[in-house]
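The values are calculated or read from the model by the stated rules, or taken from the named source; none is laboratory data. Note that the structure is predicted; figures quoted are calculated from it, not measured. Neighbour counts are summed over all protein chains in view; Cβ atoms, including those assigned to glycine, are modelled from backbone coordinates with ideal geometry.
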């Protein structure tokens with residue numbers, strides 16, 4: 001009988017101890033100092049596309065377009081510009097900051113036969129993932145200027161392919 005009273009008391013104490021205690025919080029992704037080198041799969045969606053000069057935007061992208069590309073981050077931390085700029089544009093990074101979970105990079109690009117394109121990416125990262133907003137403005141010599149916003153969601157999928165192999 002004493003054993004039963006003791007077990008009942010322990011059970012009641014356990015129930016009371018658990019009352020009012022908060023459920024454990026999910027583990028928060030740890031902020032990384034740098035992005036891990038390797039190949040990243042980047043999902044992109046155009047969330048805004050507007051003419052800046054009341055003409056048809058001179059881009060093949062359309063509002064709502066979704067795509068998936070792959071690009072690499074080098075062992076020295078250099079970002080492949082293919083993550084943020086349109087294929088065929090000739091670009092130079094104007095500034096780049098990728099540290100302590102924060103990513104910010106701006107480019108000045110020349111689109112052959114059109115003029116200048118100014119993509120800028122701003123986002124956050126963990127060691128093997130990043131999310132960024134890419135805003136693009138243009139300054140073309142003729143019609144077709146536009147402002148565009150794309151949302152990027154990227155994850156590391158492995159090592160970069162050897163030089164000379166095709167990207168997916």
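Miscellaneous remarks
- Among the residues of the stretch 73-89, some residue qualifies, meaning at least one is at pLDDT below 95 and in a strand (DSSP E or B).
- The single condition among (1) at pLDDT below 95; (2) touching a strand residue (DSSP E or B) at 6+ places or on another chain (Cβ under 6 Å); (3) in a strand (DSSP E or B) that residue 61 does not meet is (3).
- When each of 144, 113, 101, 88 is tested for being on the phi > 0 side of the Ramachandran plot, free of Cβ contacts under 8 Å to residues at least 40 places away in the same chain, surrounded by fewer than 19 Cβ atoms within 10 Å (Cβ to Cβ) and touching a strand residue (DSSP E or B) at 6+ places or on another chain (Cβ under 8 Å), the lone residue that passes is 88.
- Residue match in the stretch 135-143 (condition: in contact with a helix residue (DSSP H, G or I) (Cβ under 9 Å, 6 or more places away or on another chain) and part of a strand (DSSP E or B)): no
- Failed condition for residue 127, given (1) farther than 14 Å from residue 40 by Cβ; (2) touching a strand residue (DSSP E or B) at 6+ places or on another chain (Cβ under 9 Å); (3) part of a loop (DSSP other than H, G, I, E, B): (1)
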